[in-house]
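Asker: Supplied in structure tokens, the structure appears directly below.
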Amino acid sequence: MDFLTSLLCGFLLAMVFSVSNGDPLVPALCIFGDSVVDVGNNNNLSTLIKANFPPYGRDFVTHKPTGRFCNGKLATDFTAEYLGFTSYPPAYLNREARGKRVLTGVNFASAASGYYERTARLFRALTLKHQLKYYKLWQRKVVNLVGRTNATNIFSRGIHLISAGSSDFMQNYYINPLLNRVYSPDQFSDILMKSYSTFVQNLYDLGARRIGVTTLPPTGCLPAAITLFGRGTNECVAKLNKDAISFNKKLNRTSQKLKSKLPGIKLVVFDIYQPLFDLITKPAESGFFESRKACCGTGTLETSFLCNARSIGTCSNATNYVFWDGFHPSQSANEKLAQSLLEQGFDLIS
């Protein structure tokens, strides 16, 4: 066992001890981004991109749809559990985000949002600027509840997670000639990087010091992507995966620059690409048997309103499926991804 492995094991043991005593490892967890992490904000918006109806949520703890684009828990739900929280950060626009309930963090994510502001506007979702506006309002509430000194500690020691970019490509760039005929994928990624940098800078200016951002997943392997762009094949779309890998390299480089210019920041880039790619290409190694088709409906395209109680062919047991719908992982896959996030996020907790 090498030093790093020993260190990680010791840290995990300390984490288990801390959590077992009822103490979260950090004071708060705040989440920003798109449908991968939205827990119900879109329920309260005039958008078609929602998941507040069956069969969404059928395997959640309440067995009811919440607005999560999944049959159950998201990766961020598992992350909250691993950090020792006894509840999940509520959607800011939901009624439960009130009073002392907000002290341990809030979820501002909105399905169909992204780094490119017009992506969110296309689908009437919350832009990242709007999510940041709500974050500022949340900060005021925390200050009013616990005072400026305690609030500053919550902001600086709390973890802030960002998951965005997929909608920018999948729900905008690849299907929008006004973008893909003007910008190359590389140029579009540069535009998204500017937005990402600005967002992190804004969080930093508001007192956030522990920030995590997820890479793009293997977008070419999403069931809907294979159906839409696979030209009749049953294989991952190489071009889309290549674009995602290029974006992820830019994200890492941009994050390194931010770390060098923002004193005291802990900024971690979470690699979602490889863990999900492994689940897709080697499903049996992780206990899955289906990674091409999703559980809902035909499993080739359906998501949001296309995945509903009348969708023909929906599987009875989603635990063996990597994907719940055409774009989003199942609860079982999310648990695997969350475990990977935990291993990668040592710096944010230490």
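Asker: One residue is enough: does segment 332-346 have a residue meeting the conditions more than 20 Å from Ser35 (Cα to Cα), at pLDDT 95 or above and of a type outside the set (S, T, N, Q)?
Answerer: No: zero hits.
Asker: Of the conditions (1) among the aromatic types (Phe, Trp, Tyr); (2) out of contact with any Ser or Thr (no Cβ under 9 Å at 6 or more places or on another chain); (3) closer than 21 Å to Pro329 by Cβ, Phe155 fails just one. Which one is it?
Answerer: (3) is the only condition that Phe155 fails.
Asker: Assess whether Ser260 counts as being closer than 29 Å to Asn41 by Cα and hydroxyl-bearing (Ser, Thr, Tyr).
Answerer: Values: closer than 29 Å to Asn41 by Cα: no; hydroxyl-bearing (Ser, Thr, Tyr): yes.
In short, no.
Asker: Of the residues Asp243, Asp205, Asp186, which single one is farther than 27 Å from Pro329 by Cα and of a type in the set (Asp, Glu)?
Answerer: Only one candidate qualifies: Asp205.
Asker: Among (1) touching a residue at least 60 places away in the same chain (Cβ under 8 Å); (2) touching an Asp or Glu at 6+ places or on another chain (Cβ under 7 Å); (3) small (Gly, Ala, Ser), where does Gly105 come up short?
Answerer: All conditions pass for Gly105, except number (2).
Asker: If you don't mind, there's one more thing I want to ask. Out of all the residues in segment 312-325, is one or more buried (at least 21 other Cβ atoms within 10 Å of the Cβ), part of a helix (DSSP H, G or I), out of contact with any strand residue (DSSP E or B) (no Cβ under 6 Å at 6 or more places or on another chain) and modelled with pLDDT of 95 or more?
Answerer: yes
Asker: Further, regarding this structure: Between Glu117, Glu96, which is out of contact with any Cys (no Cβ under 7 Å at 6 or more places or on another chain) and at pLDDT below 95?
Answerer: None of the other options fit; the residue is Glu96.
Asker: Just for segment 196-212: of the residues that are in contact with a helix residue (DSSP H, G or I) (Cβ under 7 Å, 6 or more places away or on another chain) and crowded, with 19+ Cβ neighbours inside 10 Å, which one is nearest to Pro263 (Cα to Cα)?
Answerer: Arg209
Asker: Give segment 29-48 a look and list any residue that's part of a loop (DSSP other than H, G, I, E, B) and either more than 25 Å from Asn153 (Cα to Cα) or touching an Asp or Glu at 6+ places or on another chain (Cβ under 7 Å) (or both), or say none.
Answerer: Listed by number, the residues that qualify are Asp34, Ser35, Val36, Asp38, Val39, Gly40, Leu45, Ser46, Thr47, Leu48.
Asker: Let me ask you something else. State which residue pairs qualify: first residue over 19 Å from Ile272 (Cα atoms) and inside segment 166-190, second residue surrounded by 15 or more Cβ atoms within 10 Å (Cβ to Cβ) and of a type in the set (Ser, Thr, Tyr) in any location, beta carbons under 6 Å apart, and separation of 6 or more residues or different chains.
Answerer: Asn172/Thr119; Leu179/Tyr173; Asn180/Tyr173; Phe188/Tyr173
The values are calculated or read from the model by the stated rules, or taken from the named source; none is laboratory data. Every value quoted in this text rests on a predicted model; they were computed, and no experiment measured them. FYI the Cβ positions are ideal-geometry reconstructions off the backbone, even for glycines, and counts take in every protein chain you see.
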